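Trainee: Okay, here's the structure, questions in a sec.
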Amino acid sequence: MKTIKIFNNLLIVIILLTGVSLLAQVKKDTTKIKQKTMKQTHQMMHDSSSRHHMHDMKMMKDSTHHMMNEEHKMTEEKKSPLIREGEIDLNAIDENKDGKVFQDQMDWNVISDRPGKCPLCGMNLKEVTLQQAKENLLKHNFKIKK
């Protein structure tokens with residue numbers, strides 16, 4: 001009887017040790033899985049961050065390209081012969097000698113002998129007499145050839 005009791009106690013100890021060993025193995029595997037998951041999550045965040053960074057860089061490049069195009073357009077517009085600089089000779093602008101020119105009502109130094117649009121703001125040029133054009137220019141501090 002004593003032998004059976006010892007045997008049962010030994011069996012219980014073996015079962016407990018096996019259970020503890022299995023629990024330790026499960027905990028070890030769980031830790032490995034957590035570490036692997038954290039590593040994958042970190043990698044995904046890094047990849048996502050890299051994609052966002054690449055996207056931001058592309059957007060910056062596109063934006064810079066757009067700004068350069070706009071600057072180029074503005075430079076071209078400023079070279080327009082309709083934009084009068086320095087002393088403005090209204091009689092020379094009135095090529096058909098009808099006493100009228102077309103002037104922008106916002107950019108007063110944009111003047112043509114023909115209808116059209118202002119190369120600076122896009123507004124339609126308004127037909128005015130030479131006298132009205134002269135008054136508009138003087139009122140806005142432009143110099144006129146006499």
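Trainee: Looking at (1) among the charged types (D, E, K, R); (2) at pLDDT 65 or above; (3) under 30 Å from residue 122 (Cα atoms), which one does residue 36 not meet, given that it meets all the others?
Mentor: (3)
Trainee: Identify all residues within region 105-124 that are surrounded by 14 or more Cβ atoms within 10 Å (Cβ to Cβ) and either free of Cβ contacts under 8 Å to residues at least 24 places away in the same chain or farther than 11 Å from residue 82 by Cα (or both); write none if there are none.
Mentor: The answer is 105, 113, 117.
Trainee: While we're on this one: Do we have any residue at all in region 125-136 that's among the hydroxyl-bearing types (Ser, Thr, Tyr) and either touching a Cys at 6+ places or on another chain (Cβ under 8 Å) or modelled with pLDDT under 95 (or both)?
Mentor: Checking region 125-136: not a single residue is among the hydroxyl-bearing types (Ser, Thr, Tyr) and either touching a Cys at 6+ places or on another chain (Cβ under 8 Å) or modelled with pLDDT under 95 (or both).
Trainee: State which residue pairs qualify: first residue of a type outside the set (Phe, Trp, Tyr) and inside region 134-146, second residue assigned to a helix (DSSP H, G or I) in any location, beta carbons under 7 Å apart, and separation of 6 or more residues or different chains.
Mentor: 134/90; 144/90; 144/134; 144/137; 144/138
Trainee: Mind listing just one residue for me: the one in region 68-101 that is among the acidic types (Asp, Glu) and under 42 Å from the mean Cα position of the chain (by Cα) and, of those, modelled with the highest pLDDT?
Mentor: 87
Trainee: Out of all the residues in region 83-105, which are more than 16 Å from residue 115 (Cα to Cα) and aliphatic (A, V, I, L, M)?
Mentor: Residues satisfying the conditions are 88, 92.
The values are calculated or read from the model by the stated rules, or taken from the named source; none is laboratory data. Keep in mind that this is a model prediction, so the values were computed, not measured. Ideal geometry is used to build each Cβ from the backbone, glycine not excepted, and the neighbour counts take in all protein chains shown.
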